[in-house]
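Structure first, commentary second.
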Amino acid sequence: MLHLNRIIPLLFQHKRFLLLFPVSITIITAILLAILPSEYKSVATIVPVNLQLSDKARLFNSNIKDLYPFFGNGDDMERIESAKDWNSIYQAMVIELNLTNYFRIFESNPEKRLHKAVRLLQKKLFTYPNEKGQLNIIAWAKEPETAKKWVEIFRSKINARIYSSIDNQYQKTIQQLQISLDSLQQEYMLLSAVKDSTPAAKILRETKLQSIQQLIGNNFSVTREWKQTRLTLPDVMIVLDDPIADSTAIRPDKKVVLPGAFLAALLFGMAWIIIYHRKNLQ
C-alpha cells in the first residue's frame, strides 16, 4: 500500500526532474505548434424551413394555409444534418476546389487520392446541432477566407440538393398531369368527329363530350396550381448567422495547449517516479 508521507518526500527528491521534464515537453510542444500550420474556424448558423410549405394546398386553400409554421421541426433538421454523410457533396467540393492539391495528397491512384481528400474534408467541414435547435455548419482551414468559402459552398450544395429533390417531384407530377391532359384532348377530338347514327347516340356522345370537357377544365386548373406551387418553393434553410473569415478562432489554441502539455508532463513524471520506486513506498 502506498503512503502519502512516503510519496511526497520521494517527489521532492526528484524535484529537478519534475521541473526539467515538463519544461522540456512544453518547449517541444511550442516548437511543434510553431511548425504546424494553424487552422481557422468559420461557422454559419442555420434553421430548416418547414418542407410542408411546398404543399400546394397552402397556396390554394385559405382554410389551412395559416396552419403551416414557417420553421421546420426535428425531421427537417435531420434531413439537413444528414448531408454530412453525403459523399457526393464532398466529392463535388474536392473536385471543384482541387482540394487534393490543397491537402497535398500525393497518391498515384486517382480514386484513392479522391477518397483521402474526401475523408480529410469531412473532418474539417461538418454540421453540428446546437442546444437552441439550430444547426451550425463548421469549417476549419488554413486560411480564414477558405474556411468561410467552404461553409458557403457546403450550405449552398445542401440547399440545392434537397430543393432539387422536391422540385423533381413537382416536375414529375406536372408531366403526368400533362400526359393526362393530352389524352383527354385526344379523346375529345376523336369523339367530336364521330357521326351519330341515331338521336340517342348523339345525346350520349354530347354527354360524354361535356364530361370530358369538364375533366379537361379540372386538369387545367390542377396543373396550373402545381406549376404555381413549384414556382414558389421555399429554400430549404434560413441562414441566421452568415459565416465570417474569423482570424481569432484558431486551432490548436496555444493558450490552452501549452499549459495542458506542461500539466500532463508533470503528472506523467510524478506517476513515472511513483511506479519506478513503488517497491520502496510499500
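Throughout, read-outs are computed from the coordinates displayed, never taken from laboratory work. Keep in mind the model is a prediction, meaning the values are calculated, not measured. Methodologically, a virtual Cβ is constructed for each residue, glycine included, from the backbone with ideal geometry; neighbour enumeration extends over all protein chains shown.
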*With r as the distance between the Cβ atoms of residue 278 and residue 247 and R0 = 35 Å, compute the FRET efficiency 1/(1 + (r/R0)^6) and round to 0.05.*
0.10
*asked:* Rounded to the nearest 20 debye, what is the charge dipole size of the range 78-203 about its Cα centre when +1 sits on each Lys and Arg Cβ and -1 on each Asp and Glu Cβ?
replied: 580
*Under a 5 Å amide H to amide H cut-off, with H placed in plane at 1.01 Å, what residues pair with residue 244 once short-range neighbours are removed?*
43
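Could you tally the net charge around residue 195, taking each other residue with its Cβ under 11 Å from the Cβ of residue 195, Lys/Arg +1 and Asp/Glu -1? Numbers along the way, then the final one.
Values: positive: 202, 205; negative: 196.
Value of the local net charge: +1.
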*trypsin sites (Lys or Arg not before Pro) within the range 109-181: DSSP coil, no more than 16 neighbouring Cβ in 10 Å*: 132, 142
*Just grab the label-to-label distance for residue 200 and residue 30, each label 7 Å out from Cα along the Cβ direction, in nm (one decimal).*
10.9
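Chymotrypsin sites (Phe, Trp or Tyr not before Pro) within the range 93-137: which are DSSP loop residues with at most 13 other Cβ atoms inside 10 Å?
Numbers: sites: 102, 103, 106, 126; in loops: 103, 106.
In loop regions of the range 93-137 (DSSP not H, G, I, E or B), the sparsely surrounded chymotrypsin sites (Phe, Trp or Tyr not before Pro) are 106.
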_With 10 angstrom as the radius, rank 26, 173 by how many other C-beta atoms surround their C-beta, starting from the fewest._
173, 26
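Counting other beta carbons within 10 Å of each residue's own, what order do 188, 40 fall into, fewest first?
On the way: 188 17, 40 21.
Listing 188, 40 from fewest to most nearby Cβ atoms yields 188, 40.
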